[in-house]
């Protein structure tokens with residue numbers, strides 16, 4: 001239609017110039033409506049004037065005063081609590097844990113018996129009296145002892161696999177259920193990286209790392225006990241050395257395990273910011289590239305990774321320190337075992353001395369590995385500690401309440417009543433809505449306006465009980481929504497949000513996720529939403545695959561799909577939360593036309609971004625600081641030149657229409 005430089009097109013005062021003028025007028029009006037606070041003007045005309053910078057300072061001041069929005073991640077201190085160990089064994093099943101220990105004990109008993117049987121066999125061969133038992137009998141007994149040992153080992157492995165499956169399934173399902181039932185306040189104060197860290201790194205520890213260290217620790221522990229018993233039986237004097245060495249060994253283990261557990265907790269906590277930063281970077285990758293800020297984000301994540309890696313060096317240094325100490329202790333034990341064996345020559349058979357020294361040589365590796373396994377086991381059991389923390393998050397109300405269940409046709413007329421209703425997002429924040437009292441008649445169309453932060457969106461959140469009231473109640477068709485189950489409430493209401501939400505999957509799945517509508521009904525809804533021609537031209541039509549978030553569709557098309565989804569639900573109550581704020585005027589007109597014709601018999605609450613979209617409403621509600629300051633018909637509000645709504649209409653330039 002037109003082409004040329006910016007200045008030339010402005011001078012021609014044609015299509016481009018008019019389009020630009022309209023855009024500036026609308027944007028300026030929107031900014032004035034949503035950006036100005038209430039104050040008195042000359043001739044008593046109340047207008048909305050709001051200083052965004054001042055408000056930002058106030059918000060920062062309130063945030064500092066009332067606490068951080070994002071809560072600091074909790075890091076436990078001190079030794080691992082017995083409660084955490086009990087919770088882990090509870091998730092595996094106490095019965096299976098008991099059977100596992102029994103199998104390991106029996107396996108070590110048969111292992112020790114087979115060693116003593118070999119010792120007795122050796123002594124019999126070198127004794128003067130000779131061996132009174134046949135070689136076949138001795139081989140048979142030794143074979144049976146070996147078979148019993150391997151049988152209980154195999155049985156313990158089967159039980160261990162079942163324990164791993166039980167613990168993984170139990171902890172995952174408990175945490176997942178808790179997260180799915182968590183309140184919106186939990187998600188607002190908890191970065192997504194922390195949640196992902198629990199479901200990835202911590203669950204990985206429970207499934208793969210803890211079972212390995214647990215099994216190895218139990219193996220080393222019973223092997224140490226068996227070895228100590230065998231050496232003590234062989235050379236009773238060894239008991240005088242074993243007691244003080246065990247005490248030193250215990251203190252070294254406690255000292256090392258405490259440091260190792262703390263480092264593990266810090267390592268786990270420092271991984272959450274990496275997950276959060278990575279997810280945020282992927283979500284905003286287009287903006288980052290547009291502003292050429294790639295290097296800044298690379299530097300940021302490298303700092304977070306370096307911070308996480310800073311806990312690795314002290315962990316390895318502590319590991320080597322414990323190894324040196326334990327090797328020294330085990331060498332001392334081996335020395336005394338040899339000395340006692342030599343001094344007892346003649347009183348003890350050569351076979352017993354041989355098995356004593358052999359076991360003593362083996363004890364060095366067992367002690368070092370046992371302490372390492374104990375430390376790694378305790379440090380990784382902090383994952384159970386962290387998962388259990390997210391198993392007790394603040395919970396929403398029950399999804400279903402059989403004692404207060406609405407009928408299948410509820411709501412039939414769509415009458416809404418707010419009675420002394422007040423709500424706030426958190427206990428340490430101010431009220432978002434204060435003492436609201438109003439009635440909405442069946443099939444009434446209500447427009448809701450107000451500056452940013454006035455409480456418009458909070459009102460819609462309260463209807464869906466995403467925010468729970470601090471006082472008061474909401475009555476829909478005679479039923480108190482606070483008493484009914486959340487599923488019963490939410491599936492009966494419909495909302496078209498400002499940001500259209502689509503999921504990865506087909507168009508049909510996004511329009512009818514529960515498969516309650518036929519293809520004819522879906523095509524009818526698409527036709528009313530003015531999308532039928534577009535979908536028919538797609539290669540797979542209703543089976544067209546939407547990318548994550550619907551990124552392969554325009555914002556306007558996604559918004560129209562949300563409108564079609566609302567048409568299919570056919571609810572008696574519809575909320576439009578600034579549904580047309582981010583789309584062009586033509587799409588806005590299409591949506592408004594469809595809404596007027598298709599939702600004529602519905603009760604409709606429209607949170608307005610553009611005043612012209614609510615001028616045909618039955619009544620208009622003006623909110624300010626969580627209170628209703630005006631609530632009347634558009635005509636009455638515009639007639640009253642002292643009304644806030646009149647000042648808004650005057651700013652936009654539509655007041656002359658009346």
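Would you pick out the residues in the stretch 490-499 that are without any contact (Cβ under 8 Å) to a residue 12 or more places away in the chain and surrounded by 21 or more Cβ atoms within 10 Å (Cβ to Cβ)? Please lay out each step first, then the result.
Initially, the stretch 490-499 is screened for residues without any contact (Cβ under 8 Å) to a residue 12 or more places away in the chain, giving 491.
Answer for the stretch 490-499, where residues must be without any contact (Cβ under 8 Å) to a residue 12 or more places away in the chain and surrounded by 21 or more Cβ atoms within 10 Å (Cβ to Cβ): there is none.
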Looking at the stretch 275-290, can you tell me whether even one residue there is closer than 30 Å to residue 362 by Cα, without any contact (Cβ under 8 Å) to a residue 40 or more places away in the chain and exposed (fewer than 13 other Cβ atoms within 10 Å of the Cβ)? no
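Okay, residues lined up against (1) modelled with pLDDT under 85; (2) more than 23 Å from residue 601 (Cβ to Cβ):
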| position | (1), (2) |
| --- | --- |
| 533 | no, yes |
| 537 | no, yes |
| 542 | no, yes |
| 583 | yes, yes |
| 589 | yes, no |
Across the stretch 452-467, what is the number of residues that are part of a loop (DSSP other than H, G, I, E, B) and within 17 Å of residue 493 (Cα to Cα)? 4
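Name the helices (runs of 4 or more DSSP H) wholly within the stretch 143-236 that hold at least 3 residues that are within 16 Å of residue 386 (Cα to Cα) and touching a helix residue (DSSP H, G or I) at 6+ places or on another chain (Cβ under 8 Å)?
Details: elements: 184-189, 192-197, 210-234.
Ranges flagged: 192-197.
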Restricting to the stretch 540-550, and then to whatever is touching a residue at least 40 places away in the same chain (Cβ under 8 Å) and in a helix (DSSP H, G or I), can you tell me which residue is surrounded by the most Cβ atoms within 10 Å (Cβ to Cβ)? 550
Given the conditions (1) touching a strand residue (DSSP E or B) at 6+ places or on another chain (Cβ under 7 Å); (2) exposed (fewer than 13 other Cβ atoms within 10 Å of the Cβ); (3) without any contact (Cβ under 8 Å) to a residue 60 or more places away in the chain, every one holds for residue 409 apart from (1)
Tally up the residues in the stretch 500-535 that are touching a strand residue (DSSP E or B) at 6+ places or on another chain (Cβ under 7 Å) and surrounded by 19 or more Cβ atoms within 10 Å (Cβ to Cβ), please. 3
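Which of the following residues is touching a residue at least 60 places away in the same chain (Cβ under 8 Å) and either over 21 Å from residue 182 (Cα atoms) or surrounded by fewer than 17 Cβ atoms within 10 Å (Cβ to Cβ) (or both): 388, 445, 419? Can you show your working first?
Details: 388 fails: either over 21 Å from residue 182 (Cα atoms) or surrounded by fewer than 17 Cβ atoms within 10 Å (Cβ to Cβ) (or both); 419 fails: touching a residue at least 60 places away in the same chain (Cβ under 8 Å).
That would be 445, the only listed residue that is touching a residue at least 60 places away in the same chain (Cβ under 8 Å) and either over 21 Å from residue 182 (Cα atoms) or surrounded by fewer than 17 Cβ atoms within 10 Å (Cβ to Cβ) (or both).
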Can you tell which of 239, 221 is more than 20 Å from residue 268 (Cβ to Cβ), surrounded by fewer than 17 Cβ atoms within 10 Å (Cβ to Cβ), assigned by TED's automatic domain parsing to the domain that holds residue 162 and within 40 Å of the chain's Cα centre (by Cα)? 221
Reported set for the stretch 382-435 where residues are farther than 19 Å from residue 476 by Cα and in a strand (DSSP E or B) is 395, 434
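The values are calculated or read from the model by the stated rules, or taken from the named source; none is laboratory data. Since the model is a prediction, treat every value here as computed from it, not as a measurement. So basically every Cβ, Gly included, is an ideal-geometry build from the backbone, and we count neighbours across all protein chains shown.
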